[in-house]
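A short reminder: the numbers here are calculations on the coordinates, not readings from a lab. Nothing here was measured: the structure is a model prediction, and the numbers come from that model. Note that we place each Cβ from the backbone using ideal geometry, even for glycine, and neighbour counts take in every protein chain shown.
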Amino acid sequence: MKHGRTIITQILLVLIIVGSGCNGAAIDNEKNEQNIRKVTSESKNMSVSNQVIQLLMKQKEVSDVKVINSDKELFIAAQIKQMDRFRIKEIEKKLKKLAEDHFPNHHVTLSTDKKILLELSELEKQVNKTNISKKKLKKELNRIKSLSEELT
């Protein structure tokens, strides 16, 4: 009888360990979905931003993406996972080429700098709070673009 109880206890212990290990993947997926952000200047252009986000989030090296697009320009800020930062130049080139291949009619600017990611997040908040004009959006994009060129 004692031997039967130990076997049942061991089986329950294994089930608990296996069951608790599966919960972590669900939490990670929810976290990744929360990290995806998009901002567009016009609602009809939203599909371009959504497509860029979906395209880049499929890459295993990317953990977060911010995209702002105007009529002919795509500005992308991508956050690269920590261990992949050793190959950052190679990854930047790959992501930019991927975006340019899928959106040949847009001028693509890509940055992996965290400062640019934060700047795009701030611009996203402004766009969501108020209806920002095309002129002001273009001015902010030029400011952020000059920041990205300054940092490199």
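Modelled spin labels at Thr130 and Ser47, positioned 7 Å past Cα toward Cβ, are 3.1 nm from each other. For the stretch 37-151, dividing the convex hull volume of the Cα atoms by the residue count gives 90 Å³ per residue. Label sites at Gln54 and Lys93, each approximated as a point 7 angstrom past Cα along Cα to Cβ, lie 2.9 nm apart.
Placing a label point 7 Å from the Cα of Glu73 along the Cα-to-Cβ direction, the residues of the stretch 105-127 whose backbone N falls under 14 Å of that point are 106-111, 120.
Summing charges over all other residues whose Cβ lies under 15 Å from the Cβ of Ser146, with Lys and Arg as +1 and Asp and Glu as -1, gives -1.
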